[in-house]
Each structure stands twice: as C-alpha cells, then as structure tokens.
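In what follows, a single structure is set out as structure tokens and then discussed.
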Amino acid sequence: MEFCIAVAYNDPNHLCEIARAAEEAGFGGIIVSDHVVYPGNLETPYPYTSHGRPRWESQTPWPDPLIAVGAMAAVTERIRFIVSIYLLGLRHPLLAAKSITTAAVMSQNRLVLGVGAGWMREEFDLMDLSFEERGRRLDESIGVLRTLLAGGMVEHHGSFYDFGPVEMSPVPSAALPIYGGGVSPVALRRAATLCDGWASEIQTTEELDRILATLRALRRESPRAEEPFGICAALRDVFGLDDYRAMRDRGVTELITVPWLFYGDQTQSCSEKCDGIRRFADEVLTQL
C-alpha cells in the first residue's frame with residue numbers, strides 16, 4: 001500500500017514544491033482532481049456532503065490536472081500521479097487522449113487516470129452535452145481511449161463517436177492504468193468491469209467495506225477477473241498505524257491523505273505543508 005497526497009484546493013504554484021517534498025519523504029503518489037468551472041448559479045446538489053454544497057468556494061483554484069501532472073513530473077523522478085477523477089465524458093475523447101497520452105509519456109509512465117461520470121449538470125450544459133447520457137458517453141470514451149493507447153492506425157464506430165483510421169503518437173510505453181470513480185451501482189460496475197481499479201471520494205471504513213464487497217463480486221463475474229485491481233481510498237475515520245495496517249490488509253493499494261492537516265489547517269504556508277509532509281513520513285511511513 002502506498003500513501004498518496006491529495007493536493008486539491010492548493011495554490012497551483014505550490015504543487016511542484018509539494019511533489020518534491022512528497023517524493024523525498026517516501027510518499028507513493030500525488031492525487032489531482034478536475035473541474036472546468038464553478039457556475040455562478042449552481043443548482044446541482046453536491047452528492048458527497050449532507051447539505052448538498054461543495055466543500056470549496058467559487059474562487060478555489062482548479063488547475064487543469066494533466067498540465068499540473070506535467071509540471072510536477074518535470075521536478076520529480078519516482079512519485080506517481082493519480083487524476084481522481086478526470087471528467088473524460090466532458091471532453092471529446094480524441095482531444096482528451098492527446099493530453100492524457102502526452103502526460104503519461106512525459107511522466108515516464110507515472111500517470112494513473114481515474115475517470116468518472118461527473119455530478120455537476122451545469123458543466124455539461126456549458127459544453128452542450130447531455131447530462132443524462134454522461135455515463136454511456138463515458139463508457140464509450142474509455143473504449144476509445146484504450147484503442148488509441150494501443151498505438152498504430154485505429155478506428156472507432158460507436159453511438160457517440162465515429163471516426164475512421166487515425167494514429168495518435170506518442171503513446172506510453174507501458175499500459176496506462178484507468179480507475180473508475182463513483183459509488184453508485186452503475187459506477188461500481190463500470191470500475192469493476194471496464195477499469196483497472198476504483199477511486200473513492202471520502203468514505204467511512206464501514207462504507208468502504210460494503211463498496212469493496214460489491215466491487216469484488218462484480219470483478220469476479222467479469223472477463224477481467226484475473227487481472228490486478230487497484231483500490232485508491234480516502235477514509236474519514238482512519239488515523240493511526242493500526243488503522244493504516246487494517247486498510248492494507250483490506251487490499252487498499254493507494255491510501256489518500258492530506259498530511260499537513262494533522263498538524264494545522266489549510267491556511268498553512270507551502271513551507272509549513274512540506275514540513276507536515278516530512279513529519280507525517282517520520283511518524284507514519286517509517287513505522288510501516
């Protein structure tokens with residue numbers, strides 16, 4: 001199990017320094033997230049809070065995750081980057097694939113792409129895309145992306161996208177892991193049957209156990225049952241060494257944390273956050 005740091009809501013100018021500190025401290029990954037805009041009139045309820053409002057404000061920075069990955073990859077050598085989640089169905093898959101493959105190549109195969117259908121209707125309206133069809137469009141886009149990643153001259157003929165022979169270059173030299181996000185029945189089925197792993201939002205351990213049971217049952221029934229399956233999880237009730245070991249024993253492959261929040265709040269300076277990364281490594285990573 002690797003510990004990964006979620007960097008959402010941070011000043012984009014701090015990300016490279018945070019990534020360097022995380023790599024030096026022994027963390028396994030950086031988690032970056034995706035939204036295109038924050039609408040002035042947001043009516044769609046946020047599904048992951050009790051009050052239905054997002055955890056962030058309109059002015060919170062949301063840099064393009066793949067550009068952010070490119071910048072952090074340029075100043076590191078080992079640490080991986082997990083986009084959790086990328087709104088693949090909000091983009092045309094050909095254009096998205098160009099950015100994805102470039103980030104994978106230029107990071108030397110350190111990219112993991114988490115994809116999800118998305119929850120914010122307003123973003124889809126702005127892109128003139130059907131919100132109701134977003135799940136089916138995402139399923140097809142995953143297939144388009146895998147086809148393009150295979151390299152060579154390929155074509156695709158589907159319900160949403162149709163194109164004749166094309167070749168995209170460069171493509172990564174190793175398979176790009178694709179994780180599926182979301183907790184709805186259709187999202188869990190997508191992750192278990194079309195993807196290489198599952199990326200969580202923030203769950204309790206009890207919720208995670210139910211989700212893992214569902215994912216494993218679906219995976220066993222799929223044609224990919226014998227292939228490895230990653231679990232990238234964020235837990236709101238996991239804090240100590242015994243809890244971390246329990247997550248490892250459950251099969252969690254990437255455990256998400258925000259280490260500086262154990263020692264202060266989100267208003268800390270970049271230097272203080274990096275100190276928190278090093279302190280967490282001393283107190284937790286070295287003990288595991």
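Just checking, how many residues over the stretch 13-43 are more than 22 Å from residue 56 (Cβ to Cβ) and among the aliphatic types (A, V, I, L, M)?
2
Filter the stretch 251-266 for residues that are hydrophobic (A, V, I, L, M, F, W, C) and surrounded by fewer than 21 Cβ atoms within 10 Å (Cβ to Cβ) and give the result.
Selection gives 258, 261, 262.
Go through the stretch 275-288 and give me each residue that's touching a Phe, Trp or Tyr at 6+ places or on another chain (Cβ under 8 Å) and of a type outside the set (A, V, I, L, M).
275, 276, 279, 280
In the stretch 126-176, how many residues are over 30 Å from residue 42 (Cβ atoms) and more than 24 Å from the chain's Cα centre (by Cα)? Talk me through it step by step, then tell me what you get.
Within the stretch 126-176, the first condition is being over 30 Å from residue 42 (Cβ atoms), and the residues that meet it are 143, 146-158, 162-176.
Okay, now just the ones that are also more than 24 Å from the chain's Cα centre (by Cα), so 152-158, 162-167.
So the answer is 13.
Scan the stretch 1-25 for residues that are among the acidic types (Asp, Glu) and either crowded, with 21+ Cβ neighbours inside 10 Å or under 13 Å from residue 77 (Cα atoms) (or both) and jot them down.
Correct list: 23, 24.
Going by the conditions given, is residue 113 within 24 Å of residue 28 (Cα to Cα), touching a strand residue (DSSP E or B) at 6+ places or on another chain (Cβ under 8 Å), in a helix (DSSP H, G or I) and not small (Gly, Ala, Ser)?
It is false that residue 113 is within 24 Å of residue 28 (Cα to Cα), touching a strand residue (DSSP E or B) at 6+ places or on another chain (Cβ under 8 Å), in a helix (DSSP H, G or I) and not small (Gly, Ala, Ser).
The numbers here are math on the coordinates, done by the rules we state, and not lab data. Here the structure is a predicted model, which is why all the values come from computation and not from measurement. Neighbour counts run over all protein chains shown; Cβ positions are idealised from the backbone, glycine included.
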